[in-house]
Amino acid sequence: QVQLVESGGGLVQPGESLRLSCAASGSFFSTMGWYRQAPGKQRELVASITRGGTTNYAGSVKGRFTISRDFAKNWMDLQMNTLKPEDTAVYFCNARTLGTNDDYWGEGTLVTVSS
């Protein structure tokens, strides 16, 4: 059974940093990524990383966020620096299973950036 468990969300002030983590289990995964959904908006891709280590970032976070992955531990992090109020959202971990290409989601972790 595939499980994705996020951690690390919270309340921070503008300009501060947070690190999100996603612990994955139950399968092997190809691409993993972070998505976010702000109130009243659609879920959007924040960053992704392939099994080969290729990364992709949304334009709004490029240069501020860094995605990383530990393949041996099935673990993925998102380092978020210089956070802005517009980064406020629920952040979801996503993973695609290797071979079958099934998508799985975590339950989400809330990030609030406010002074």
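The values are calculated or read from the model by the stated rules, or taken from the named source; none is laboratory data. This one's a predicted model, so the numbers in the text were calculated from it and none came from an experiment. No Cβ is skipped: glycine too gets one built from the backbone with ideal geometry, and neighbour counts run over all protein chains shown. Accessible surface areas use protein heavy atoms only, side chains included; no ligands, DNA or RNA. Shrake-Rupley method; radii C 1.70, N 1.55, O 1.52, S 1.80 Å.
Quick grid of which residues meet (1) surrounded by fewer than 20 Cβ atoms within 10 Å (Cβ to Cβ); (2) at positive phi; (3) not hydroxyl-bearing (Ser, Thr, Tyr):
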position	(1), (2), (3)
Gln3	yes, no, yes
Leu11	yes, no, yes
Ser25	yes, no, no
Phe29	no, no, yes
Yes or no: the stretch 98-109 includes at least one residue that is aliphatic (A, V, I, L, M) and surrounded by fewer than 14 Cβ atoms within 10 Å (Cβ to Cβ). yes
If a residue must be open to solvent by 40 Å² or more (accessible area, probe 1.4 Å) and touching a strand residue (DSSP E or B) at 6+ places or on another chain (Cβ under 9 Å), how many such residues does the stretch 42-51 contain? 5
Pairs needed: first member in the stretch 1-22, within 18 Å of Thr66 (Cα to Cα) and in contact (Cβ under 8 Å) with a residue 24 or more places away in the chain; second member anywhere, charged (D, E, K, R) and part of a loop (DSSP other than H, G, I, E, B); C-beta distance under 8 Å; at least 6 residues apart or different chains. Glu6/Glu107; Pro14/Lys84
Cβ-Cβ below 6 Å, separation at least six or inter-chain, first residue in the stretch 42-59 and in contact (Cβ under 8 Å) with a residue 40 or more places away in the chain, second part of a loop (DSSP other than H, G, I, E, B): which pairs? Val46/Ala58; Val46/Val61
Counting only residues that are open to solvent by 50 Å² or more (accessible area, probe 1.4 Å) and hydroxyl-bearing (Ser, Thr, Tyr), the stretch 58-78 contains a total of 2
